[in-house]
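The values are calculated or read from the model by the stated rules, or taken from the named source; none is laboratory data. Because the structure is predicted, anything quoted here is derived from the model rather than measured. Positions of Cβ are generated from backbone atoms using ideal geometry, with glycine treated the same way; all protein chains shown enter the neighbour counts.
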Amino acid sequence: MANRIALTGDQTAAYAMKQIEPDVVAAYPITPQTEIVMSFSQYVADGEVKTEMIPVESEHSAMSACVGSAAAGARTMTATSANGLALMWEIVYIASSTRLPIVMPVVNRALSAPINIHCDHSDTMGTRDSGWIQFYCENAQEVYENLIIAPRIAEHPDILLPVMVCQDGFITSHAVEALEPFDDKDVKEFIGEYKPEQTLLDINKPLTYGPLDLQDYYFEHKRQQSEAMLNAKNKIPEVFDEFEKKFGKKFDFVERYKLDDADIAVVVLSSTAGNVKVVIDQLRDKGIKAGLLKPKIFRPFPDDEIIEALSGLKAVAVMDRSESFSNQGGPLFNEIRSAFYESDKKIPIVNYIFGLGGRDIDLEMIESVYNDLMKIVEAGKINKKVNYLGVR
Amino acid sequence: MEIRWHGRGGQGAKTAAQLLAEAAMESGDYIQAFPEYGPERAGAPIKSFTRISKNPINIHCGVTNPDIVVVIDPTLLESVDVTKGLTNEGLLLINIAKPAAEIKKVLNFDKGKVATVDATSIALDTLKLPMPNLPMLGALLKLNPIVTLEALESKIKKKFLEKIGEEKTNANLEGVKRAYEEVNVSE
């Protein structure tokens, strides 16, 4: 049996941060991320890491300190949730536009109002256009592995973009699970020493970060940023390969569960994917060919992988744990539907908005989605494009 | 296996759910333990949950059909539907100074087994504190050997020895053992 330790999702994130041992962590505690900051501060206080911990007075300051630190060439991390992410918004864009490889665990929580501390993805989905790479994690083990791989992706010289590693507030952040960690030594070797090509503090190569950039160059810099995200899509598989070589675990942009021979499938991010797997096993016992596609990375958007995985299906339901108020469904749904526009294969794709503010998503609800899909296959058409699951 | 714990904020329902899970993990099982977070404060009714399996646990929603329900505070019987969703072969274990058969009748719970133990008195005797959560774990293991008593004791030692010292840890272990011996079961 592999070495297992019992940790919450938050403690798992802090444990990964301990093994990564960044040069600087600047963070402000907010529910349900609090335990990450608490546990990591404990590691610092106990002398288990040499990280410079900056206890700032707000999330705006947290990300500002991270920008300064990362520009100075330090491996830098922070962590946040919901309203904290909203407060650091301005600097979230500055971090990615300045091409600073900051890594940030985000514990997904509903944005106010009304005030709510529980899980949905409205916080990080709001930052989907901010130029950050985004991972979404099903369980504590994925939080751990995604955090270990994140610095390598962020710091890749052809990428140089910040990375969010998102997990579901309370559902995984406060649930104790059995984590199978890697050896400290292997993690250190995999992550390696951070040697940025240029830093603000290199007096032999003086540089300016974040100057005024008007009509003359701003557009070019934005174009370069797009190119960085394209590079991310192309270079991330190289990091996956190295991860597999080091830790013996295969990594991909998406996870497919019983999808190869499936007729109908659900696409969903994070912890809900686990519930869907349980329902699939039950449906398979009844002879229903149900499957799941779980994108592990939402930015860069894995369009080719998603099209390839879903092309053979008769109907697909995309489940979004956030509302975009576009009257066109949630963000995951819109991007998947858009990706299919140029595909030869026209599959009926419907959307379900679910779980806002932490509303529990139980097995019966998920089964009802598969039942709807079977009806769509039978009728050959979609009745309703955007549906709300589990709302009164 | 799914277990639902009912307690009041401050009685250690979360700790009990987690301790059992950790002891099971150390015995080789996959585990999950989580509390139901609401506007919790000392004295408010709270729930926590334990899942234990030989296989990796994919499910991440709340427990609706528990195999076992443990009620750490007897006053909750008046305000909370503690048998809700309990499966037919289920076990209801309550901290109360009354015979199990009597409680079974009062609750009109004819589906499964009811067990009682006066865990608060045991905790007051041994620990000198009204903390019934660990004795409830002892009683539970008598009824269903989810882990061995030794595995739980070793987990408690590991968790508490450094934190609260030898005397209090031993008092806790004494409480666990007494509840293990004193639990009363209806048939």
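Computed values, structure above
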| item | result |
| --- | --- |
| Scope the stretch B:45-88; condition in a loop (DSSP other than H, G, I, E, B) and of a type in the set (S, T, N, Q); matching residues | B:N55, B:N58, B:T64, B:N65, B:S79, B:T83, B:T87, B:N88 |
| Selected residue (criterion: surrounded by the most Cβ atoms within 10 Å (Cβ to Cβ)) from residues of the stretch B:41-61 that are within 11 Å of chain A (Cβ to nearest Cβ) and touching a Leu at 6+ places or on another chain (Cβ under 9 Å) | B:T50 |
| Condition met for A:K294 (modelled with pLDDT of 95 or more and in contact with a Phe, Trp or Tyr (Cβ under 6 Å, 6 or more places away or on another chain)) | no |
| Pairs, first away from chain B (no Cβ under 14 Å) in the stretch A:1-26, second surrounded by fewer than 23 Cβ atoms within 10 Å (Cβ to Cβ) and small (G, A, S), C-beta under 8 Å, six or more apart | A:A14/A:S39; A:Y15/A:S39; A:P22/A:A74; A:D23/A:A74; A:V24/A:A65; A:V24/A:A74; A:A26/A:S61; A:A26/A:A65 |
| Conditions (1) over 23 Å from A:F170 (Cβ atoms); (2) in contact with a His (Cβ under 9 Å, 6 or more places away or on another chain); number of the one not met by A:L100 | (2) |
| Hits in the stretch B:1-40 - residues which are at the interface with chain A (Cβ under 10 Å from one of its Cβ atoms), closer than 21 Å to B:L92 by Cβ and either in contact (Cβ under 8 Å) with a residue 60 or more places away in the chain or of a type in the set (K, R) (or both) | B:K14, B:L19, B:A24 |
| Options A:K277, A:K289, A:K233; residue that is surrounded by 17 or more Cβ atoms within 10 Å (Cβ to Cβ), modelled with pLDDT of 95 or more and not assigned by TED's automatic domain parsing to the domain that holds A:N334 | A:K233 |
| Test set (1) free of Cβ contacts under 8 Å to residues at least 40 places away in the same chain; (2) farther than 24 Å from B:M25 by Cα; (3) touching a strand residue (DSSP E or B) at 6+ places or on another chain (Cβ under 9 Å) - B:A100 fails condition number | (1) |
| Of residues in the stretch B:118-147 being in contact with a Ser or Thr (Cβ under 9 Å, 6 or more places away or on another chain) and not in a helix (DSSP H, G or I), the one surrounded by the most Cβ atoms within 10 Å (Cβ to Cβ) | B:P132 |
| The stretch A:352-388: number of residues that are out of contact with any strand residue (DSSP E or B) (no Cβ under 8 Å at 6 or more places or on another chain), within 14 Å of chain B (Cβ to nearest Cβ) and of a type in the set (A, V, I, L, M, F, W, C) | 1 |
| Any hit, the stretch A:367-387, residues being in contact with a Ser or Thr (Cβ under 8 Å, 6 or more places away or on another chain), modelled with pLDDT of 95 or more and under 16 Å from A:L292 (Cβ atoms) | no |
| Positions within the stretch A:335-392 being of a type in the set (D, E) and under 18 Å from A:L310 (Cβ atoms), in sequence order | A:E335, A:E342, A:D344, A:D372 |
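For every residue, the table says whether it meets (1) among the hydroxyl-bearing types (S, T, Y); (2) over 15 Å from A:V107 (Cα atoms).
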residue: A:T12; (1), (2): yes, no
residue: A:K18; (1), (2): no, yes
residue: A:D23; (1), (2): no, yes
residue: A:E35; (1), (2): no, no
residue: A:T51; (1), (2): yes, yes
residue: A:A62; (1), (2): no, yes
residue: A:G68; (1), (2): no, yes
residue: A:R75; (1), (2): no, yes
residue: A:W89; (1), (2): no, yes
